[in-house]
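Down below is the structure, laid out as structure tokens.
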Amino acid sequence: MSLNQINENMNKTVDQTAALTKKKEKDIAEIDGINKMNQISKYRNLYVIVEQLDGKIIPVGLEMLSEARRLIDDFNKKYSLNEKVIAVILGNGIKDLCKELIYRGADAVIFADDPKLQYHINKVYTKIIVQIATNTKYIEKISPEYSKEFKRPRYMFFAADSTGRHLSSTVLAELESGLASDINKLVIEDIDFRHEHKTKGQMLKFEKTLMMYRPDFSGFLWTTILCLDNKNPEIKRDYHPQACSIIPGVFEPLEKDKSRTGIIEEHIPEFDTKDLEIRVLSRNVLKETIDFGSHKTIISFGRGIKESPEENIKLIEKLAKLLNAEIGISLPISKKPFKLSDKMNSLYITPERVIGTSGQKVEPTIYIALGISGATQHLAGMKNSGFIIAVNPDENAPIRDECDVFIKGRIEDVLPIMIEELERENMTQTKEEGGSAVVGTV
């Protein structure tokens, strides 16, 4: 090797070393910038608003804690932080529930226990939750390293039920932030985003963004909902917490782990005397008019009844009677897309019969889906059934991938054959039983 070649190689090595050093310095500067930003953030932790009824935690509360635990564990690992899952629960005589929330995934619990909170009054509950969410004294104990700059939660979860939908909207109105409703999938990511008003047309990075997903009204496409700060200097302001209501039955609760420990803090609520002028003296909980749980077989129908709606429902009634089954419907049917008699509408086209994320979650031994294509919303409500039979003329319908038996055909063609076979089977059973009446059940 010549002297010139040696000099060239040495120069290349020096240049490469300088480039690596420069890259390392840049990486360190970026990390320092991220760490600095993390240190001064006003928004910390994920608050889960847990409902209870008569001293018992509503199941969706435990489901939300499970998802919150997963998200925050990933979040802390990704961003090198130490943020917490904080459960918030209100009521009367509910202090003993706090340990259960720790066992099920919470790092800390803030509770308000007062006779005035025996029954849910939305205005009262809203004000107390806002008091808790903006109180720094709890953060001093739960997340002391972040307490100096803390202003309010980074994220908040509510249940997407009759209570939580109302409560979430009023709480977020008081906190002057946004809300996504009826969510069934959550991701936290850094995103690059351009918007005429929020970024003044510039492509900017929004860090630690809660991406909230829900199926659209067709059930086959996902809508992504974001709650983003305004970074446009002319209208600059923050929107935190990023919050959503979560559909019951979507996430699996964590198994109880009694080895888990956490911080439990009591909040002494401040009441406005005017808010207490309305009182609930007593409450009677109405039983569900449709009891899916007591039936081993459920038959649901969707828009596939369209060719002969009234006649097809009569066939479904007959099949349900033979199988001792309850009848459900898909969400689109509850919108009454077909003209039916008043009797049919009042009996079957009701929200109580909807199966899916917007209705009930069922797990029968046998589930029969008639004319249901298999939208995500519906599948979430019945996918844990023991044995699934689908009848649909479209062999490419998504439900085909979820069922155990797929019958390609129209309802009006397939059901008469099924009914005929069941009636023949019942007659055979009756003869074998010596003429006694036997009802066919599956």
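Annotations for the structure displayed:
- Here Asp182 passes the criteria (1) in contact with a Cys (Cβ under 7 Å, 6 or more places away or on another chain); (2) at pLDDT below 95 except the one numbered (1).
- Some residue of the stretch 112-131 being within 30 Å of Ile278 (Cβ to Cβ), in contact with a Lys or Arg (Cβ under 9 Å, 6 or more places away or on another chain) and among the basic types (Lys, Arg): yes
- Test result for Pro215, open to solvent by 20 Å² or more (accessible area, probe 1.4 Å), within 17 Å of the chain's Cα centre (by Cα) and not hydroxyl-bearing (Ser, Thr, Tyr): no
- Scanning the stretch 136-152 for residues that are open to solvent by 40 Å² or more (accessible area, probe 1.4 Å), without any contact (Cβ under 8 Å) to a residue 12 or more places away in the chain and in contact with a Ser or Thr (Cβ under 7 Å, 6 or more places away or on another chain) returns a single hit, Glu140.
- Annotation note: Cβ proximity below 6 Å between a residue of the stretch 56-71 that is on the phi > 0 side of the Ramachandran plot and a residue that is open to solvent by less than 30 Å² (accessible area, probe 1.4 Å) and in a helix (DSSP H, G or I) (sequence gap 6+ or interchain) occurs for no pair.
- Of the criteria (1) touching a residue at least 12 places away in the same chain (Cβ under 8 Å); (2) more than 19 Å from the chain's Cα centre (by Cα); (3) part of a loop (DSSP other than H, G, I, E, B), which one Val362 fails: (2)
- Boolean, Ser259 is in a strand (DSSP E or B), modelled with pLDDT of 90 or more and of a type outside the set (A, V, I, L, M, F, W, C): no
Residue-wise test of (1) within 30 Å of the chain's Cα centre (by Cα); (2) in contact (Cβ under 8 Å) with a residue 40 or more places away in the chain; (3) surrounded by fewer than 22 Cβ atoms within 10 Å (Cβ to Cβ).
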residue: Thr289; (1), (2), (3): yes, yes, yes
residue: Ser300; (1), (2), (3): yes, yes, no
residue: Lys306; (1), (2), (3): no, yes, yes
residue: Glu310; (1), (2), (3): no, no, yes
residue: Leu315; (1), (2), (3): no, yes, yes
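- Selection status of Ser181, among the small types (Gly, Ala, Ser), in contact (Cβ under 8 Å) with a residue 40 or more places away in the chain and part of a strand (DSSP E or B): yes
- If you go through the stretch 36-72 and pick out every residue that is at pLDDT below 60 and more than 30 Å from Lys185 (Cβ to Cβ), you end up with 2.
- Qualifying residue in the stretch 388-399 (condition: closer than 21 Å to Lys321 by Cα and open to solvent by 20 Å² or more (accessible area, probe 1.4 Å)): yes
- Hey, Asp272 surrounded by 10 or more Cβ atoms within 10 Å (Cβ to Cβ) and over 24 Å from Leu65 (Cβ atoms) or not: yes
- Index of the failed condition, Val88 passing every other in (1) farther than 21 Å from Tyr43 by Cα; (2) assigned to a strand (DSSP E or B): (1)
- Residue that is least open to solvent (accessible area, probe 1.4 Å) [pool: residues in the stretch 336-358 that are under 29 Å from the mean Cα position of the chain (by Cα) and of a type in the set (Gly, Ala, Ser)]: Gly356
- Residue match in the stretch 287-303 (condition: in a helix (DSSP H, G or I) and either more than 17 Å from Met382 (Cα to Cα) or touching a Ser or Thr at 6+ places or on another chain (Cβ under 9 Å) (or both)): yes
- All positions within the stretch 171-198 that are more than 19 Å from the chain's Cα centre (by Cα) and open to solvent by less than 60 Å² (accessible area, probe 1.4 Å): Leu175, Ser177, Asp190, Ile191, Phe193, Lys198
- For Ala68: the one exception among (1) open to solvent by less than 40 Å² (accessible area, probe 1.4 Å); (2) more than 23 Å from Pro253 (Cα to Cα); (3) touching a strand residue (DSSP E or B) at 6+ places or on another chain (Cβ under 8 Å); (4) not β-branched (Val, Ile, Thr): (2)
- Look at (1) closer than 26 Å to Ile72 by Cβ; (2) open to solvent by less than 50 Å² (accessible area, probe 1.4 Å); (3) part of a loop (DSSP other than H, G, I, E, B) and you find that Leu167 fails only one, number (3).
The values are calculated or read from the model by the stated rules, or taken from the named source; none is laboratory data. What you see is a predicted model; the values in this text were computed from it and never measured. Methodologically, a virtual Cβ is constructed for each residue, glycine included, from the backbone with ideal geometry; neighbour enumeration extends over all protein chains shown. These accessible areas exclude ligands, DNA and RNA; they are computed on the full protein's heavy atoms, side chains included. Shrake-Rupley method; radii C 1.70, N 1.55, O 1.52, S 1.80 Å.
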